[in-house]
Amino acid sequence: MTKRLFLFAGYNKNGIVDDSLLLYVRAISKYGDIVLYIDSDCPKSELQKLKPYVLHAAAVRHGEYDFGSYKRCFLWARDKKILSNYDFVYLINDSVFGPLINIRKTIHDIENINTDAAGIVMTTHKTHAYMESWFVRLNPAIFSQDWFNEFMSSVTIQPSKARITIAYEHGLSKLISDNGCSWGGIYKCRGRFTYNKPIKLFKWGCPFVKKASFIRHNGAAGAQIKYILSHCDVVARRAIIKSANELYGEKYMNWLLTYNPLKIMYRNIRYGLKKLRDGGI
């Protein structure tokens, strides 16, 4: 039987274990063991909600974003000397809502890509490509190596979110290549496709939607998100809407979720004008 360890990075601005996190943890616990670290000042009473589903869960506001939580999860597993027990180690985080549908096929697909590492999404870029770090599978050829241990141990606070992305998300894919290992992905996308075209990813079979899609481009993805929530698993829909209401407010969510093409066009125009104005044009 395949043995998997999921290193799970969480964050909640309200310091709670909300319904969407519980949805994700319950679903993924059916496929392996979970070590979870939340980058929030989350009380023990909230962490207790996770106890039935995880090997270990902890929380403190460290400010190192997802890779800071991955680091803490990895070091816990390393120091407990359990890494060698697993066929795969995953890096996953709750910058997404889901699973929207059964995740079994996604896990099957990502483990049958003939590479040492694979993400659900691999993104092409102007100068480079990389695995989006919210769901990445690693083989022992990577997670058992000293260079990977050094990389994870070195994660620290960066001066900006952009620096975090370059140093750690882009950096992980580069590091894997530099050490003679291979990586790939289920879906190959360009630029900000994951954020801006969530409906296409969902129709392709991706079981997650980025939380950032809910607030990008002046709510222009509202119709896409409404479609996704209307066609996903009913339990997932309830959990996601409840958590989204807590994160963004019910008034915003009621405004966001529309199929009206005129409203969506207006939101895109407003976003475009703001971008031009901010650019000084």
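Since every read-out is calculated from the coordinates, none of them should be taken as a lab result. Owing to the predicted nature of the structure, the values given are computational and were not obtained by experimental measurement. Cβ sites come from the backbone with ideal geometry, for glycine too, and all protein chains shown count toward neighbours.
Using only alpha-carbon positions, what ratio does the radius of gyration of segment 199-239 give when scaled by 2.2 N^0.38 Å? List each step's numbers first, then the result.
Working: Rg = 10.0 Å, N = 41, 2.2 N^0.38 = 9.0 Å.
So segment 199-239 has a normalised radius of gyration of 1.11.
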log10 I(q)/I(0) for segment 1-46, Debye formula on C-alpha points only (no solvent), q = 0.13, 0.22, 0.31 Å⁻¹, two decimals, reads -0.31, -0.77, -1.20
Ranked from fewest to most other Cβ atoms within 10 Å of their own Cβ, ASP233, ASP116 fall in the order ASP233, ASP116
Of ILE113, ILE240, ILE82, the most mobile residue in a GNM of the chain (C-alpha springs, cutoff 10 Å) is ILE82
Projected onto the charge dipole of the chain (unit charges on the beta-carbon of Lys, Arg, Asp and Glu, signs +1, +1, -1, -1), the Cα from LEU5, PHE214, SER40 with the largest positive-side position is that of PHE214
Computed about the Cα centre, the charge dipole of segment 4-278 from +1 Lys/Arg and -1 Asp/Glu charges at the Cβ has a magnitude in debye, to the nearest 20, of 1220
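Expressed as cubic angstrom per residue, what is the convex hull volume of the alpha carbon set of segment 121-176? Walk me through the numbers before you get to the answer.
On the way: hull volume 4.7 nm³, N = 56.
Dividing the Cα hull volume of segment 121-176 by its residues yields 85 Å³.
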Quick calc: nm separation of the 7 Å Cα→Cβ label points for ASN254 and LYS13 -> 2.0
With only helices counted (DSSP H, runs n ≥ 4, each -39500 (n - 2.57)), the per-residue ellipticity at 222 nm for the chain, to the nearest 500, works out to -12000 deg cm²/dmol
Percent of all Cα-Cα pairs per 10 Å bin for the chain, counting from 0 up to the last occupied bin, reads 6, 28, 36, 22, 6, 1
Among ILE199, ILE264, ILE225, the residue with the largest mean-square fluctuation in a Gaussian network model of the chain built from Cα contacts under 10 Å is ILE264
Largest fluctuation, GLY15, GLY191, GLY98 only, Gaussian network model of the chain with Cα springs under 10 angstrom, belongs to GLY191
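Quick one: net charge around ARG26, please, counting Lys, Arg +1 and Asp, Glu -1 for every other residue with C-beta under 11 Å from its C-beta. Walk me through the numbers on the way to the answer.
Numbers: positive: LYS30, LYS49; negative: ASP19.
Net charge around ARG26: +1.
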